[in-house]
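Asks: A single structure is presented below for examination.
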Amino acid sequence: MTDSDTNDGDTDRERVSVPDEVELPRLLDFYELQTEDQTRIHEFYDNLRDGRLTTTQCRDCDELHFPPRIVCPECTGDDLEYVDLPHEGELFAFSEVRGGAPLGLSEHEVPFVVAAVDLGPVTLSARIDDASYGDLEIGDPVSLKVVEIDGPTDEERVFYRFEPQ
Ligand SMILES: [Zn+2]
């Protein structure tokens, strides 16, 4: 074997690069498109953009839904109105995500906490910011935090999270 057959680090190797950020395919985007021509629950996102957490309630049978609906799952009526939800609640259950977060969602941010948050009228699942698993206990008070979604569309999008009070 001669020097030219070896790959001992002295040879001129071609350098290739791996992008720091892989552009996120649209189908792997966790977040829904939020405008009127893309979703019939756009009012939920419009309200959230204004800092209000809302959901739909059926005018026929009074059923409160979460997530918001376009048809009432209780009575199949479609006469729904948006009503405000409390912005404060308590941890009903929580867990820590340490890996395997969806591409583009939070894969650079693990570990993070996800929880079922009891708001009273509804219990919803959400990410808990500004807290680590070991800091939290069931029943801890949390409050709404609205975040802006960065990419992969040009659209301005928002989503809800919670944070300890
Ligand atoms: Zn109904």
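Asks: crowded, with 16+ Cβ neighbours inside 10 Å, more than 9 Å from the ligand (Cβ to nearest atom), closer than 23 Å to Val158 by Cα and under 24 Å from the mean Cα position of the chain (by Cα): which single residue out of Asp37, Asp46 fits that description?
Replies: Selected residue: Asp46, the only one of Asp37, Asp46 that is crowded, with 16+ Cβ neighbours inside 10 Å, more than 9 Å from the ligand (Cβ to nearest atom), closer than 23 Å to Val158 by Cα and under 24 Å from the mean Cα position of the chain (by Cα).
Asks: Has segment 104-112 got at least one residue that is assigned to a loop (DSSP other than H, G, I, E, B), on the phi < 0 side of the Ramachandran plot, within 12 Å of the chain's Cα centre (by Cα) and at pLDDT below 90? Before you say what the answer is, go through the steps one by one.
Replies: Going through segment 104-112, the residues assigned to a loop (DSSP other than H, G, I, E, B) turn out to be 104-111.
Add one more test, that the residue is on the phi < 0 side of the Ramachandran plot, and what stays is 105-111.
When the remaining residues are screened for being within 12 Å of the chain's Cα centre (by Cα), the result is 105-106.
Filter once more, keeping what is at pLDDT below 90: 105-106.
The answer is yes; a qualifying residue exists.
Asks: Here's a follow-up. Can you list residue pairs whose Cβ atoms sit under 8 Å apart, with the first residue in segment 72-92 being touching a residue at least 60 places away in the same chain (Cβ under 8 Å) and the second being charged (D, E, K, R) and more than 16 Å from the ligand (Cβ to nearest atom)? Count only pairs 6 or more apart in sequence or on different chains.
Replies: Close Cβ pairs (under 8 Å, with a partner that is charged (D, E, K, R) and more than 16 Å from the ligand (Cβ to nearest atom)) amount to Gly89/Asp118.
Asks: What number of residues in segment 133-149 are in contact (Cβ under 8 Å) with a residue 24 or more places away in the chain and closer than 29 Å to Arg49 by Cβ?
Replies: 8
Asks: Could you pull out the residue among Pro73, Pro111 that is touching a helix residue (DSSP H, G or I) at 6+ places or on another chain (Cβ under 8 Å) and loosely packed, with under 15 Cβ neighbours inside 10 Å?
Replies: Working: Pro73 fails: touching a helix residue (DSSP H, G or I) at 6+ places or on another chain (Cβ under 8 Å).
So the residue among Pro73, Pro111 that is touching a helix residue (DSSP H, G or I) at 6+ places or on another chain (Cβ under 8 Å) and loosely packed, with under 15 Cβ neighbours inside 10 Å is Pro111.
Asks: Check whether at least one residue in segment 83-92 is within 17 Å of the chain's Cα centre (by Cα) and within 24 Å of Asp29 (Cβ to Cβ), and report yes or no.
Replies: no
Asks: Among the residues of segment 53-69, which ones are part of a loop (DSSP other than H, G, I, E, B), closer than 14 Å to Thr39 by Cβ and near the ligand (Cβ under 10 Å from one of its atoms)?
Replies: Answer for segment 53-69, where residues must be part of a loop (DSSP other than H, G, I, E, B), closer than 14 Å to Thr39 by Cβ and near the ligand (Cβ under 10 Å from one of its atoms): just Arg69.
Asks: For segment 70-79, which positions are near the ligand (Cβ under 9 Å from one of its atoms) and either among the polar types (S, T, N, Q) or within 19 Å of Tyr45 (Cβ to Cβ) (or both)?
Replies: Listed by number, the residues that qualify are Val71, Thr76.
Asks: Follow-up question, since we're still on this one. Return yes or no: is Pro86 touching a Gly at 6+ places or on another chain (Cβ under 9 Å), under 30 Å from Asp135 (Cα atoms) and part of a loop (DSSP other than H, G, I, E, B)?
Replies: Considered against the rule, which asks whether it is touching a Gly at 6+ places or on another chain (Cβ under 9 Å), under 30 Å from Asp135 (Cα atoms) and part of a loop (DSSP other than H, G, I, E, B), Pro86 comes out as yes.
Asks: Can Gly51 be described as small (Gly, Ala, Ser) and free of Cβ contacts under 8 Å to residues at least 12 places away in the same chain?
Replies: Criteria not met by Gly51.
The values are calculated or read from the model by the stated rules, or taken from the named source; none is laboratory data. The model shown is predicted, which means the values in this text are computed figures rather than measured ones. Using ideal geometry, Cβ is built from the backbone for each residue, glycine included, and neighbour counts are taken over all protein chains shown.
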